[in-house]
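Inspection log for the structure reproduced underneath, given as C-alpha cells.
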Amino acid sequence: MITKQLLDPKSIVVVGGSDNIQKPGGKVLKNLIDGNFKGDLYVTNPKEDKVQGIKSFRNQDDLPQVDMAILAIAAKFCPDTVRVLAERKNTKAFIILSAGFSEENDEGAKLEKELVDIINANNASLIGPNCVGVLNQNYSGVFTTPIPKLDTQGVDFISGSGATAVYIMECSVPKGLKFSSVFSVGNSAQIGVEEVLEYLDETFDPESSSRVKSLYVESIDKPQKLLKHASSLIRKGCKIAAIKSGSSEAGSRAASSHTGALANSDVAVDALFRKAGIVRCASREELSTIASIFMYPELQGKNIAIITHAGGPAVMLTDALSNNELEIPPIEGPKAKVLLEKLYAGSSVANPIDFLATGTTEQLGYIIDACENDFDHIDAMVVIFGSPGLFPVYDVYDLLDEKMKTCKKPIYPILPSIINVKDEIEAFIAKGRINFPDEVVFGNALAKVYHTEKPAPENIELPNIDQAAIRNIIDSSEDGYISPEKVQALLDAAGISRAGEAVVTTREDAIKAAKELGLPVVMKVVGPVHKSDVGGVVLNVKDEETVATEFDRMIQIKDTTAILLQPMLSGTELFVGAKAEPKFGHMVLCGLGGIFIEVLKDVNAGLAPIAKDEAEKMIKGLKSYGIIQGARGQEGVNEEMFAEIVTRVGALVKAAPEIAEMDLNPLLGKADKVVAVDARIRIEK
C-alpha cells in the first residue's frame, strides 16, 4: 500500500545517517538537506549527537513520532529497527536502501519477509529493500545523483533497478527532460512497479498529474495489474514508455506444438505492452528520447518536414524516418518557389529543406512559417541546427523557442553540437526546452511512438460460443492432447468452421468414410506429434484402392492410433494458435500456416480476449500480409473470417483456461471461406 506519509512526509529519520557523504546514509541525508526538505529531519547514529548539522539520536527509542524512515544499515538490523519505528513511533513509510535480502540468499529472503510482515501489520508502506530511494517534489530521498529538475508535468519514472534508474536520469537530464517523481522499487518486497502505477492511475488528476510515465522493468510479476492500470492511464490521456529487459530468453520450457515453440514469455510482454498502448523501448537512450517526444504535442500525421543547414544529418534522419514508414513528402508548387526566393542561392526546399551552412536566423523563421501556414500536407517539423564553432547561435535557438510557442505543428529540435555550442544549448534548455542530439535515435523513436496503437477497449465484446458444451468437454477430459473427436466438438462449440472429417481404425471404415466425405481426400495419422516428419500425411487420395493401400501403410507408423480423413481442400495455408503463459493468461497467435510457420516464423500475438479490430491489426501487421491479400494475381484470403477465428480462439481459451496449447494448422483460406483442416489441443488442469 502507498501511504500519504510515503509521498508527503512531515518528518523523516535517516537511520544510519553519517557525515561521510560517500556512504548511502550520508549521501541521502545530504540530498534531503540540499533539497530543502520542509519537514522535521532526524538521524539515528549510535556514535553521534549531530550529523551534518542535524540532531542525531543514539537510541531510536528516544526519537519523537516520525512519518518516514530511510534505512541505511546492515540488513540483519533492519527488522528490529522497523518494528520499533512502526509499533512505537507510528512510522507509516519506510525506504530501505540496504542490500542483503532476497537478491542475495535464502537467509536474506527470510529477513525480507519479516520486514514485510511487520510493515503490513502496521498499515505502512515499504519501498525496497535494495533500492536507491524515492524522489519527488516533497523530498529527495535518494542516495545518488543526479537530482534532476523536478516539475509537476515532468516524467513519473519507476524503475526496478537502482543503478539503471541513475543511468537513465543521467541520459535524460542533459537533454532537458524533467521529472515529476522517481521510484526505485528495488526488490519490490511490498511495492513494485505495478503498485506504483496502480497508485498513479487511481489518484490521477487531469488538472495536475503528469501525463508521461517511464518504466524500467526486469520482471513482470503482476501482468494483469500492469495491463489494467497502464491502459487506464493511457485512456485518461497519459503516455507510457517502458523497457522490459531479458528479451533474449528463448523460452523457459520445451514445447511440442508450433504455438509453444513460437510463444515465449517475451512474446507475452510484447503482447501485453501492445494491448496496453505502452511504447516498448530497447535501451536507456531510446527510453529517454521517447519520454522527451511525449513532452511535445502529439504527432497527428506521418508527413515530416526536415529543416537543416547540414546535409549529412538530414540524409540520415530521412533514412531513419522512411525506413520506419514515416514520410518526407516533396514540397513543391508556387508557395515553395516563393520560399526558395527568400533563401540563398543553392538552397533547396524540396524536403529536406536545406538552407545551407550560411543560412540565417531570419531565413529559418521564413521556413518554419511556411511549413506551419503554407504547406498543409506537413504534419511536423524537425530542425537540425548545430555549429562548427565559428560564432554563437543564441539567436537561432531563441527563434526556435519562440516558434515552438506559437506553431500548432510540433517542432522537434536536433541540436547536435553539444560541445561547440554547449552554452547556447544550456540556455535553450533553461527555457524549458528539450534537445534531441542524435537524429537517427530521434527518427527511430518518433516512428515507434507514432506506430504504437492505442489501448484495447476496456470491455471487449466476445463472440457467442457454447460455454456449456466447452466446459462439458474440458471437464470430462484428462490432461494431455485430447482426441480428434473432442477437438472437433470444441471447434464446433466455439463456432470455428472446420473441414468434415472422420477418424477410422479399420480399412473398411476408411473406404466408407472416403466415399461419404467425397474423393479426393487427405489422410493423416492420429497420434504422432509432427505427422509430416513420419510420412503420416497423404494428400489428394483419389480412389478407394489408394485409400486402402495408404491405410495399411499408415496404421503401421509408430505411435499411430487411428487415421483421420478429410476432403481435399485448397487455399492459402494459415495458422491460429493459443498458449497459456504463467501469470499473463493466454496468448493467441496468427500467421501463415503449414511449413511456412516453421520457416518464416512470421506470427503476431495478442493477449486473450482479442477484440475484432485487434485481430485485424494482428493480421495486417504480418510481414507476409501481402500473401494473405493475394499477391501476384493469387486469390486472397477472407480477412474478416480469418480475424473472426482469431477472436473465437481467444474466447475459447477464456472459457477453457485449462487449454495449455492449441494449434489450428493449417487453416485453408480463400476469398469466400476460412476452414480449419487440422487442429491439436492439449489441456493441463
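The values are calculated or read from the model by the stated rules, or taken from the named source; none is laboratory data. All values reported here derive from a predicted model rather than from experimental measurement. In this analysis, Cβ positions are derived from the backbone assuming ideal geometry, glycine residues included, and neighbour counts consider all displayed protein chains.
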For L321, only one of the following conditions fails: (1) of a type in the set (A, V, I, L, M); (2) part of a loop (DSSP other than H, G, I, E, B); (3) touching a Gly at 6+ places or on another chain (Cβ under 6 Å). What is its number?
(2)
When you go through S181, S172 one by one, which is the residue that is at negative phi, surrounded by fewer than 24 Cβ atoms within 10 Å (Cβ to Cβ) and small (G, A, S)?
S181
Please work out if E684 is under 30 Å from I563 (Cβ atoms) and under 26 Å from the mean Cα position of the chain (by Cα).
no
Can you list the helices (runs of 4 or more DSSP H) lying wholly within segment 590-668 that have 3 or more residues being of a type in the set (A, V, I, L, M, F, W, C) and either under 22 Å from A499 (Cβ atoms) or outside the structural domain of V522 (by TED's automatic domain parsing) (or both)?
596-600, 612-620, 639-655
Segment 459-477, residues that are in contact (Cβ under 8 Å) with a residue 12 or more places away in the chain and exposed (fewer than 13 other Cβ atoms within 10 Å of the Cβ)
E461, N464
With respect to G154, is the statement that it is crowded, with 24+ Cβ neighbours inside 10 Å and either in contact with a Lys or Arg (Cβ under 8 Å, 6 or more places away or on another chain) or more than 20 Å from T289 (Cα to Cα) (or both) true?
no
Of everything in segment 1-26, what is of a type outside the set (D, E), over 16 Å from A93 (Cα atoms) and either assigned to a loop (DSSP other than H, G, I, E, B) or in contact with an Asp or Glu (Cβ under 8 Å, 6 or more places away or on another chain) (or both)? Give them in sequence order.
G16, G17, S18, N20, I21, Q22, K23, G26
Restricting to strands (runs of 3 or more DSSP E) lying wholly in segment 27-76: which have 3 or more residues that are within 25 Å of N130 (Cβ to Cβ) and either touching a residue at least 40 places away in the same chain (Cβ under 8 Å) or touching a Cys at 6+ places or on another chain (Cβ under 7 Å) (or both)?
68-71
Answer yes or no: is there a residue in segment 395-404 that is touching a residue at least 40 places away in the same chain (Cβ under 8 Å) and in contact with a strand residue (DSSP E or B) (Cβ under 7 Å, 6 or more places away or on another chain).
no
Would you confirm whether any residue within segment 600-613 is over 26 Å from the mean Cα position of the chain (by Cα) and of a type in the set (A, V, I, L, M, F, W, C)?
no
Criterion: under 24 Å from Y296 (Cβ atoms), among the polar types (S, T, N, Q) and out of contact with any Leu (no Cβ under 7 Å at 6 or more places or on another chain) - qualifying residue of T152, T164:
T152
Is it the case that A456 is among the small types (G, A, S), buried (at least 19 other Cβ atoms within 10 Å of the Cβ), more than 21 Å from A282 (Cα to Cα) and outside the structural domain of A271 (by TED's automatic domain parsing)?
yes
Considering only residues that are acidic (D, E) and modelled with pLDDT under 95, which ones fall in segment 265-286?
D266, D270
Quick one: V440 ticks every box in (1) outside any loop (DSSP other than H, G, I, E, B); (2) free of Cβ contacts under 8 Å to residues at least 60 places away in the same chain bar one, so which box is it?
(2)
If you check K583, K579, which single one turns out to be surrounded by fewer than 19 Cβ atoms within 10 Å (Cβ to Cβ), over 17 Å from L517 (Cα atoms) and in contact (Cβ under 8 Å) with a residue 40 or more places away in the chain?
K583
How many residues of segment 478-505 are more than 15 Å from V677 (Cβ to Cβ), of a type outside the set (D, E, K, R) and either without any contact (Cβ under 8 Å) to a residue 40 or more places away in the chain or not assigned by TED's automatic domain parsing to the domain that holds L564 (or both)? The answer is 9
Kindly evaluate T289 against the criterion of being at pLDDT 95 or above, surrounded by 14 or more Cβ atoms within 10 Å (Cβ to Cβ), of a type in the set (V, I, T) and assigned by TED's automatic domain parsing to the domain that holds E362.
no
